[in-house]
Amino acid sequence: QQPVQSPQAVILREGEDAVINCSSSKALYSVHWYRQKHGEAPVFLMILLKGGEQKGHDKISASFNEKKQQSSLYLTASQLSYSGTYFCGTESNSGNTPLVFGKGTRLSVIA
Amino acid sequence: DTAVSQTPKYLVTQMGNDKSIKCEQNLGHDTMYWYKQDSKKFLKIMFSYNNKELIINETVPNRFSPKSPDKAHLNLHINSLELGDSAVYFCASSPRLAGGRNEQFFGPGTRLTVL
């Protein structure tokens, strides 16, 4: 079942912060985050495994609340290069199941 | 060094034709995938192969047939192309299928246009 991402789109000025949420109705084993720039392939950002961990990648970090079956991606002090569509992909607890991607959140950072 | 490569990058063809897209990865990964991304940017998995063996075959018309000659290659053949097949097709690979550490590395995509 496809995870739900919110918001669908967001526009930021450089330096502003944003949060992108991803929620699932299924028990999750892991959550992936990817960024896709226009006309390019999705690029892996990070993976969070069950256990409620948090991860960071430069000024982009994420959390995973296993009990709520939710993950959030935090972008702080956004840069122009952060623009793109962010996808979460979820792996359910049943194992050997494919990653299911959300519909994406389009992030635009303007000067 | 290209990790996941696909050819061709663009493919324009007439309805009813048969076409193939090739994919190769040099990451030593065991698992490879084909995804379809439509005009609304939805990334939908089509197939997954693990060590040359078909693992996942989502609801895809049987006009689509994947072939994996070895674990570094996963090709996609499409018969009798239809207008609705127009999309960007991404190949991807990952170290494993599931259970964590299955981050996916995507190829550059093949934009297929059916006229």
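The values are calculated or read from the model by the stated rules, or taken from the named source; none is laboratory data. Note that this is a predicted model, so its numbers are computed, not measured. Quick reminder, even Gly has a Cβ in these numbers, built from the backbone with ideal geometry, and neighbours come from all protein chains shown. For the accessible areas, the whole protein counts, side chains as well, though only heavy atoms, and no ligand, DNA or RNA atoms are used. Shrake-Rupley method; radii C 1.70, N 1.55, O 1.52, S 1.80 Å.
For segment A:9-34, the tally of residues that are open to solvent by 50 Å² or more (accessible area, probe 1.4 Å) and within 12 Å of chain B (Cβ to nearest Cβ) stands at 2.
If the requirement is being surrounded by 18 or more Cβ atoms within 10 Å (Cβ to Cβ), at pLDDT below 95 and farther than 22 Å from B:LYS41 by Cβ, which of these qualifies: A:GLN69, A:GLN54? So the residue among A:GLN69, A:GLN54 that is surrounded by 18 or more Cβ atoms within 10 Å (Cβ to Cβ), at pLDDT below 95 and farther than 22 Å from B:LYS41 by Cβ is A:GLN69. For B:LYS67, state whether it is part of a strand (DSSP E or B), away from every other protein chain (no Cβ under 13 Å) and either open to solvent by less than 10 Å² (accessible area, probe 1.4 Å) or among the basic types (Lys, Arg) (or both). So B:LYS67 fits the description; yes. The criterion of at least 3 residues that are touching a residue at least 40 places away in the same chain (Cβ under 8 Å) and either basic (Lys, Arg) or closer than 30 Å to B:SER39 by Cβ (or both) is met by the following strands (runs of 3 or more DSSP E) wholly inside segment A:37-76: A:70-75. Taking the listed residues B:ARG96, B:ARG111, B:ARG101, the one that is within 11 Å of chain A (Cβ to nearest Cβ), assigned to a strand (DSSP E or B) and of a type in the set (Lys, Arg) is B:ARG111, with no other qualifying.
When B:LYS22, B:LYS44 are checked against the criterion of being basic (Lys, Arg) and free of Cβ contacts under 8 Å to residues at least 24 places away in the same chain, B:LYS44 stands alone in meeting it.
Return the only residue of B:TYR49, B:TYR89 being open to solvent by 20 Å² or more (accessible area, probe 1.4 Å), of a type in the set (Phe, Trp, Tyr) and either at negative phi or within 14 Å of chain A (Cβ to nearest Cβ) (or both). One residue alone meets the criteria, B:TYR49. B:SER65 fulfils the conditions (1) polar (S, T, N, Q); (2) touching a Ser or Thr at 6+ places or on another chain (Cβ under 9 Å); (3) under 20 Å from B:GLN14 (Cβ atoms) except for a single criterion, (2). Of the residues that sit in segment A:82-111 and are open to solvent by 60 Å² or more (accessible area, probe 1.4 Å) and modelled with pLDDT of 90 or more, which one is nearest to the other protein chains (Cβ to nearest Cβ)? Among those that are open to solvent by 60 Å² or more (accessible area, probe 1.4 Å) and modelled with pLDDT of 90 or more, it is A:LYS103. The condition of being among the aliphatic types (A, V, I, L, M) and open to solvent by 30 Å² or more (accessible area, probe 1.4 Å) holds for only one of B:LEU54, B:LEU76, that being B:LEU54. Report, by residue number, each residue of segment B:81-91 that is out of contact with any Ser or Thr (no Cβ under 9 Å at 6 or more places or on another chain) and of a type in the set (A, V, I, L, M, F, W, C). Matches in segment B:81-91: B:LEU83 only. Residues in segment B:92-101 that are touching a Ser or Thr at 6+ places or on another chain (Cβ under 8 Å) and crowded, with 21+ Cβ neighbours inside 10 Å: B:SER93, B:SER94, B:LEU97, B:ALA98.
Facing chain A (nearest Cβ under 10 Å) and open to solvent by 60 Å² or more (accessible area, probe 1.4 Å): is that true of B:LYS41 in this structure? Yes.
Starting from segment B:76-96, take each residue that is farther than 15 Å from B:GLN14 by Cα and list its partners that are outside any strand (DSSP E or B) and basic (Lys, Arg), counting only C-beta distances under 7 angstrom and pairs at least six apart or across chains. Close Cβ pairs satisfying both conditions: B:PRO95/B:ARG101.
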